[in-house]
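The values are calculated or read from the model by the stated rules, or taken from the named source; none is laboratory data. Since we're looking at a predicted model, the values are computed, not measured. So basically every Cβ, Gly included, is an ideal-geometry build from the backbone, and we count neighbours across all protein chains shown.
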Amino acid sequence: MAKINKRFQDYIDGKNYWNRITKQGDVVEFPLSQKNVDYLGNCLSSDLSPENLACDGEIRGAKLRSKANKLNGVVKDIEKYCDANNLHYPRIFY
């Protein structure tokens, strides 16, 4: 199993936090299943959409670039995890 970095773990912890509060969605735990990977791909597609990325225009500049870099890093983390664990890449649209 691939080593899980802090950025990837923080992203999953954030999704789990909201899933527990809203009582929607499954808790994502390691080792990830294909269903978990696909779910995270859907979440990233949403998080990387222009309106969500910029918080409907509320953030700009360096803060926006930082947020985009972090999320794009999570995309790379998922790809590495999938490679290491023989899972299919999730479809991420952005």
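For first residues located in segment 66-80 and acidic (Asp, Glu), partners that are surrounded by 13 or more Cβ atoms within 10 Å (Cβ to Cβ) and part of a helix (DSSP H, G or I) and lie 6+ apart or on another chain with Cβ distances below 6 Å form the pairs 77/8. Just wondering, is there one or more residues in segment 46-64 that are touching a Phe, Trp or Tyr at 6+ places or on another chain (Cβ under 9 Å), hydrophobic (A, V, I, L, M, F, W, C) and not in a helix (DSSP H, G or I)? Taking every residue of segment 46-64 in turn, at least one turns out to be touching a Phe, Trp or Tyr at 6+ places or on another chain (Cβ under 9 Å), hydrophobic (A, V, I, L, M, F, W, C) and not in a helix (DSSP H, G or I). Can you pull out every residue in segment 11-45 that is among the acidic types (Asp, Glu), farther than 16 Å from residue 82 by Cβ and not in a loop (DSSP other than H, G, I, E, B)? 13, the sole residue that qualifies. Take the conditions (1) within 13 Å of the chain's Cα centre (by Cα); (2) in a helix (DSSP H, G or I); (3) within 19 Å of residue 16 (Cα to Cα); residue 79 misses just one of them, which is (3). Against the definition (surrounded by 14 or more Cβ atoms within 10 Å (Cβ to Cβ), of a type in the set (S, T, N, Q) and in a helix (DSSP H, G or I)), how does residue 69 come out, yes or no? In short, no. The set of residues in segment 59-94 that are of a type in the set (Val, Ile, Thr) and modelled with pLDDT under 95 comprises 59, 92.
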